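Q: Following this message is one structure expressed as structure tokens.
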Amino acid sequence: MSGVPEITEDQRDCLQEIVNVAMGQAGESLACLLEVFVQLSVPRIRLIESKDITPELQKMIGGDDAKVSAVRQAFYRSSGRLDIQGEALLVFSDTSFHDLAELMAYEEELTLNAEQELLLDVSNILNGACLTGIAEQLESELGYSPPSLIGSNLATDKILSEEQLSWAEALMIEITYRLENRSFNCNLMFLMTGKSIRALLTAIDEFLDEL
Amino acid sequence: MSNATSSAKLKEFIVDHLNIGVFSVDKQMNLLLWNGFMENNSHRSADEVIGKNLFEMFPELPKKWLQRKIKSVFILKNFAFSSWEQRPFLFKFSHNRPITGGIDSMRQDLMLMPVKGDTGEVEAVNIVLLDMTDVCIFQGMMAETMEQMETLDDIVKTINRETQLENLLTTVLDQGLMLFPQADNGICWLLDAHDNRFKCAAFVNSAIFSASEFGASHALTLDDSIKTLSFDYDDLVARYTQNSECLEEGVYILRHFDSIALGEQLKNIATQKCSLSMAVTIEEQLIGFLVFSNFADKEAFANSDVQKLVRFREHSMSAISKAKYLKAIAEEGDKIKNLLDNAGQGFLSFTADLKVEGEYSAECRELFDSQIEGRPFPELIFADDTPQQQFLTSILQDIFTAPDNNELFLSLLPQETLLGGKNISIEYRPIAATESVDTKMMVILTDITETRMLENQMEEERNWLRMVVSAVTRRNEIARAIREYQLFCQQGLDQILNSNANIDAIIFEVFRMVHTFKGGFSQLDLVHVVKEIHTFESQLSDLRSRPEPMGLDEFKQLCADAPMWCWMEPDLSILKEALGEDFLGQEEMLTVGVTTVNALEEQMLSTLSPIENQVFLPKLRRLKAKPFKALLKDYGDYIERLAEELDKAIVPMEITGDDVLVNPDEFLDFTKSLVHVFRNIMDHGIETIEDRMELGKDECGLVSCDIGHEDNQITLRISDDGNGIDVESLRQKTIDIGLYDSSQANDLNDEQLIELIFTEQISSKDSVNELSGRGIGLSAVKQELTKCGGTVRVDTELGVGTSFYFCLPFNETIELPAVDVELVVSAVIDQAVSFLTNEAAINCQNSPSSPTPYQSENLSLNYLTTMIRIKGLLEGVFLFSFDENLAKAVVRTMMLDDCDDESAYLTEVMAESCNIILGNSMNNFPGITELVMMDVPMSLNTRTSILENMCVEIWTSLIKTSEGNVSISFLPSS
């Protein structure tokens, strides 16, 4: 059962533009908070089938035997017309906790717990910075669940197991964050399924109508 | 409208009574909200902390860390979180499992949420604190169980690698030495059945041990020589058991044993001072000792080490048992097989034919409930599951055919099964072939039911928490989802089944619907119903892939047999239990934030005409309304607390009377000031318990509060049955403080005197004494009262009590105030003069005439004109038209840096200046400001042009300055 609607050229362009603007804002606020220049990739938006997600992840991160840390966080509508819910998935590779701690002005001892806390904190910030911007443009606000650690030192094929995915096709917005002069690499993916995609497209249509 | 009010009430109630902490801070880290949970746990009341700096009130908080979190919320307008798993707690609160918890303080999850103001900027951060102690305790229990199993596993793993008994025992000793770092060495004595003597089976020196301490002659040969030692059974048993102090079953401690008779050979090295020993027994037969010793310090081992040894003994004994069994398999020893029957685990083995061999431990009989010799292992272990049997068979066959490369295959073997309702873990140990024995697979079965149960219990607990929290935060969504589901179960399903579509389409549609519900419910953490729906969904999915088509009736029956609505029951009852019967029962409420209402209001003002606004605005504002009673509700608790402090007693205060809905903003300042009235009643009005009894009054004082609503006013009566005000003392006091001379004072009637308690002189703190009767801060009440246009009257009778009657104007319909155009225009002109004089330092030469309206078709404009349109109560356009020189002069003073070319900034600066002038003028009209909207100012180079064809009233006035003139005009919309 697909249930995933077609995305028209206009809708895609508009969504791309909205995400671009949100990214710009995200970069700015991150720079302001972390006092460091954040390099953001141009966001990629596409529909993806559940069976393709692990190969996609591997392609994104590179190397079958790369070990990564992964965090997930759910988001959902809290007010406004953008009636979506979905999950953000953040994959950290080549990330130095030492650099991360410095970045977050974390001055306590770097225990395992502290490392996990840092990962969750950074995830929450990267994730929120961008999603808030998207929602704001569509005159909505999102709520978030606490981020949770999928695992550290994971092989890329262990991040998501296909059997656990209850959807067939999802909309994926993919962004890569890099930090200047720091060992830090984060792939951020927002994933939404059928009903939320429809809601997103409706919101975009209204947005377009208002222009 | 009443929904919104009761929604607000419900929210307030929930926030205050929820077993979750809620507090908020502003940018300066001052506390804005502090709910009941925080009050109870911190033992600081909201009154105490609100308005104070969070870190000053709670200096123990991790300031840097928390500030960083909060800052991120302000900057990113985003949520932030913290979990107890990484950071156990923010506030060191005690928790509600002080007895059984084993945890020192409450574990806390935090959620930080932005609170946005009208402009979309984050004005405050709301912090939610969840008590995660229960989850933490359960996880702790789990971890401990797992750890115990792992330690054992570690030993078992090393043991399984070792085929030599000596190596095995060495490993065990190594582990022991790690556990007891103060031990210099560890030794294992085992009984040799042939001569009934104990022989050293393994000996380990710890790293800190220096052989030279023994004296040179033995130092080099100690390890070797010790292995040649042997002791008579009775001697050694006597030494390690009877002569030692037995602390727990099988565990002994021996201190300072120089005087004990030892075998000859050991005397030379018997300088040990302290030994900890454990008996190794199998089937209650003593077969050896493990001994850890320290040579120097007879107090080296403390009694607390005994507990460690008891644990270690359990693990190592079972390890040694297993090892012995492994050894025995190779040797085909019957005896030792029996030893294993005690190990509490099932051991069995099979060769390439996969049939269970003759020797297996007694536990296996228990597990399988039958004789298992000769039966194929896969059939035993997965009795009812043919596919699993086939799978297991094929992998095992692979292992036996390619024994060298079996790592991979081993990892594929199923690790767990269900036997007779028990969860059994399965471990596989391949045993390589030797000359005499074929390759074997040894299997160890362990009952892990309890572990699983614990895991499930914990999972349940987590789900419960998740569900309840989710329900509280997303009540409407949950209620809606459940209602939709109910509708589907009651009607929707039948409609699909009875539609004219073909059977495949019907099945697909049902599948699609239940799948959607599943997704929705799982997002809302309603786990039980999700599980049920998932099972049903799998059935449907199987149906769809089934080759033979299904009849409609058969499918209808299938759906009829599925009690879909009942699946909701477990989740519903959890929610009802945790949050009350009514939680989901209520009609859906529309929750609208105050900010949204304010935004709506603004939008209405700018788009609707004043007359339309007159109709709709009051309706909208009612959304923000609260019952007047709610503004007073905290005083009941407040005076009870005061009573306690003052050793007085009062009947709990009841607030009676009409339920009047008011805009809280309008009355909040006043109701807050009433604290002085209540304080006075408790301080001076109500007598102490003893005094009251003496006076023949009930020992509990009575304070009552009654609200009335009549003819556009609210009346509030606050009475007590206490002392009353001593009017004569008041009279004396006015003389004492020099307010009046005695003849003036004597002329005052009671009413006039009582009036004085609201004046600064009488009510101010430093002049209060017991004679004044009442006194502190009542002037503040009066002040607030005057602000909202109210009045007060006091009735008092000495010894009987006092009543305060407050009367507050209240227009339910909210009539829009009328605007006097002339006043507004005059205010703008005054403001312009003051702006030019004070801000731009320009001399105004005339005091401009008060504006008068005149009818004209045209209006002359100067060099540069700024227009500002206003809407709302007053509609029209203001025109500020400046001479060139004056405009440039203003620009010069307004620009901070010197600028060469004022004209470049002319339009911008003048627009800004006029905006300030008009904005400031509007501020002179409280009550109107928020009803008048100013558009963006627009400046134009008008170069003495004329505005024509207007045909309206024009209000205009000219200000002359040293730099030139400015004309200010107002053109009302027709």
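Q: With the checklist (1) without any contact (Cβ under 8 Å) to a residue 40 or more places away in the chain; (2) more than 9 Å from chain B (Cβ to nearest Cβ); (3) in contact with a strand residue (DSSP E or B) (Cβ under 7 Å, 6 or more places away or on another chain) in hand, flag the one item A:GLY128 doesn't pass.
A: Result: A:GLY128 passes all but (2).
Q: How many of the residues making up the range A:142-160 are facing chain B (nearest Cβ under 9 Å), buried (at least 18 other Cβ atoms within 10 Å of the Cβ) and of a type outside the set (A, V, I, L, M)?
A: Within the range A:142-160, residues that are facing chain B (nearest Cβ under 9 Å), buried (at least 18 other Cβ atoms within 10 Å of the Cβ) and of a type outside the set (A, V, I, L, M) number 3.
Q: Determine whether the range B:377-399 contains at least one residue that is without any contact (Cβ under 8 Å) to a residue 24 or more places away in the chain, in contact with a strand residue (DSSP E or B) (Cβ under 7 Å, 6 or more places away or on another chain) and surrounded by 15 or more Cβ atoms within 10 Å (Cβ to Cβ).
A: There is no residue in the range B:377-399 that is without any contact (Cβ under 8 Å) to a residue 24 or more places away in the chain, in contact with a strand residue (DSSP E or B) (Cβ under 7 Å, 6 or more places away or on another chain) and surrounded by 15 or more Cβ atoms within 10 Å (Cβ to Cβ).
Q: For the range A:175-184, indicate whether the set of residues that are more than 9 Å from chain B (Cβ to nearest Cβ), of a type outside the set (S, T, N, Q) and under 25 Å from B:TRP84 (Cβ atoms) is non-empty. Before you say what the answer is, go through the steps one by one.
A: Keep residues of the range A:175-184 that are more than 9 Å from chain B (Cβ to nearest Cβ), which gives A:175-184.
In the following step, the residues that additionally are of a type outside the set (S, T, N, Q) were identified as A:175, A:177-180, A:182, A:184.
With under 25 Å from B:TRP84 (Cβ atoms) added as a condition, the list becomes none.
No: the range A:175-184 contains no residue that is more than 9 Å from chain B (Cβ to nearest Cβ), of a type outside the set (S, T, N, Q) and under 25 Å from B:TRP84 (Cβ atoms).
Q: Do we find a residue being of a type outside the set (A, V, I, L, M, F, W, C) and closer than 26 Å to A:ILE204 by Cα anywhere in the range A:53-69? Outline the logic, then answer.
A: As a first pass, look at the range A:53-69 and keep what is of a type outside the set (A, V, I, L, M, F, W, C): A:54-56, A:58-59, A:62-65, A:67, A:69.
Applying the additional criterion that residues be closer than 26 Å to A:ILE204 by Cα yields none.
No, there is no match, as no residue in the range A:53-69 is of a type outside the set (A, V, I, L, M, F, W, C) and closer than 26 Å to A:ILE204 by Cα.
Q: Checking B:LEU130 against (1) in a helix (DSSP H, G or I); (2) within 12 Å of another protein chain (Cβ to nearest Cβ), which single condition isn't satisfied?
A: Looking at each condition in turn, B:LEU130 falls short on (1).
Q: Filter the range B:515-548 for residues that are among the acidic types (Asp, Glu) and in a helix (DSSP H, G or I); which is surrounded by the most Cβ atoms within 10 Å (Cβ to Cβ)? Before you say what the answer is, go through the steps one by one.
A: If we filter the range B:515-548 for residues that are among the acidic types (Asp, Glu), which is where we start, we get B:525, B:532, B:537, B:542, B:548.
If we keep only those that are in a helix (DSSP H, G or I) too, we end up with B:532, B:537, B:542.
Details: B:GLU532: 22, B:GLU537: 18, B:ASP542: 9.
Result: B:GLU532.
Q: Continuing with this model, one more query. How many of the residues in the range B:683-697 are without any contact (Cβ under 8 Å) to a residue 40 or more places away in the chain and either surrounded by fewer than 14 Cβ atoms within 10 Å (Cβ to Cβ) or touching a helix residue (DSSP H, G or I) at 6+ places or on another chain (Cβ under 8 Å) (or both)?
A: Final tally of qualifying residues: 4.
Q: Between B:PHE37, B:PHE55, which is over 16 Å from B:LEU110 (Cα atoms) and out of contact with any Phe, Trp or Tyr (no Cβ under 8 Å at 6 or more places or on another chain)? Steps first, answer last, please.
A: Numbers: B:PHE37 fails: over 16 Å from B:LEU110 (Cα atoms).
After ruling out the rest, the residue left standing is B:PHE55.
Q: If you don't mind, there's one more thing I want to ask. Quick check, is B:VAL890 at pLDDT 80 or above, under 10 Å from B:VAL966 (Cβ atoms) and among the aliphatic types (A, V, I, L, M)?
A: On the way: at pLDDT 80 or above: yes; under 10 Å from B:VAL966 (Cβ atoms): yes; among the aliphatic types (A, V, I, L, M): yes.
Spelling it out, B:VAL890 is indeed at pLDDT 80 or above, under 10 Å from B:VAL966 (Cβ atoms) and among the aliphatic types (A, V, I, L, M).
Q: Does at least one position in the range B:781-792 carry a residue that is loosely packed, with under 12 Cβ neighbours inside 10 Å and either of a type in the set (Asp, Glu) or at pLDDT 85 or above (or both)?
A: yes
Q: Still on this structure, I have one more. If only one of A:SER166, A:SER123 is outside any strand (DSSP E or B), in contact with a strand residue (DSSP E or B) (Cβ under 7 Å, 6 or more places away or on another chain) and either at the interface with chain B (Cβ under 8 Å from one of its Cβ atoms) or closer than 30 Å to B:GLN108 by Cβ (or both), which one is it? First the steps, then the outcome.
A: Values: A:SER166 fails: in contact with a strand residue (DSSP E or B) (Cβ under 7 Å, 6 or more places away or on another chain).
It is A:SER123.
Q: Next question. If I ask for residues that are buried (at least 20 other Cβ atoms within 10 Å of the Cβ) and within 14 Å of another protein chain (Cβ to nearest Cβ), which ones from the range A:10-32 would you list?
A: Listed by number, the residues that qualify are A:ALA22, A:MET23, A:ALA26, A:SER29, A:LEU30.
Q: Check whether at least one residue in the range B:85-97 is within 14 Å of chain A (Cβ to nearest Cβ) and within 20 Å of A:SER78 (Cβ to Cβ), and report yes or no.
A: In the first step, residues of the range B:85-97 are kept if they are within 14 Å of chain A (Cβ to nearest Cβ); the result is B:85-90.
If we keep only those that are within 20 Å of A:SER78 (Cβ to Cβ) too, we end up with none.
No; the residues of the range B:85-97 include none that is within 14 Å of chain A (Cβ to nearest Cβ) and within 20 Å of A:SER78 (Cβ to Cβ).
Q: Residues of the range B:653-672 being modelled with pLDDT of 85 or more and in contact with an Asp or Glu (Cβ under 7 Å, 6 or more places away or on another chain), which ones?
A: Once the filter is applied, which keeps residues that are modelled with pLDDT of 85 or more and in contact with an Asp or Glu (Cβ under 7 Å, 6 or more places away or on another chain), the range B:653-672 yields B:THR656, B:GLY657, B:PHE670.
Q: Of everything in the range A:107-120 that's more than 8 Å from chain B (Cβ to nearest Cβ) and in a loop (DSSP other than H, G, I, E, B), which residue is farthest from the chain's Cα centre (by Cα)?
A: Here is the first cut: in the range A:107-120, the residues more than 8 Å from chain B (Cβ to nearest Cβ) are A:109-112, A:115, A:118-119.
Going one step further and asking which of them are in a loop (DSSP other than H, G, I, E, B), we end up with A:109-111.
Working: A:GLU109: 28, A:LEU110: 26, A:THR111: 26 Å.
Filtering first and then ranking leaves A:GLU109.
Q: Which residue, of B:ILE50, B:ILE70, is among the hydrophobic types (A, V, I, L, M, F, W, C) and within 14 Å of chain A (Cβ to nearest Cβ)? Explain how you work it out, then say what you get.
A: Numbers: B:ILE50 fails: within 14 Å of chain A (Cβ to nearest Cβ).
It is B:ILE70.
Q: Hey, another quick one. Which members of the range B:521-543 meet the condition of being touching an Asp or Glu at 6+ places or on another chain (Cβ under 8 Å) and either of a type in the set (Val, Ile, Thr) or within 11 Å of another protein chain (Cβ to nearest Cβ) (or both)?
A: Hits for the range B:521-543 are B:LEU524, B:VAL527, B:VAL529.
Q: Having 1 or more residues that are aromatic (Phe, Trp, Tyr) and surrounded by fewer than 19 Cβ atoms within 10 Å (Cβ to Cβ) is the bar; report the strands (runs of 3 or more DSSP E) wholly within the range B:805-886 that clear it.
A: Details: elements: B:852-856, B:864-872, B:876-882.
Because the criterion is at least 1 residues that are aromatic (Phe, Trp, Tyr) and surrounded by fewer than 19 Cβ atoms within 10 Å (Cβ to Cβ), the strands (runs of 3 or more DSSP E) in the range B:805-886 that meet it are B:852-856.
Q: Something else now. Quick one: which of B:LYS629, B:LYS648 is touching a strand residue (DSSP E or B) at 6+ places or on another chain (Cβ under 7 Å) and outside any loop (DSSP other than H, G, I, E, B)? Please lay out each step first, then the result.
A: Details: B:LYS648 fails: outside any loop (DSSP other than H, G, I, E, B).
From the options B:LYS629, B:LYS648, the qualifying one is B:LYS629.
Q: While we're on this one: Could you figure out which of (1) under 26 Å from A:TRP167 (Cβ atoms); (2) assigned to a loop (DSSP other than H, G, I, E, B); (3) within 10 Å of another protein chain (Cβ to nearest Cβ) isn't true of A:ASP83?
A: Here A:ASP83 clears every test but (3).
The values are calculated or read from the model by the stated rules, or taken from the named source; none is laboratory data. Bear in mind that the values here come from a model prediction, so they are computed numbers and not experimental data. FYI the Cβ positions are ideal-geometry reconstructions off the backbone, even for glycines, and counts take in every protein chain you see.
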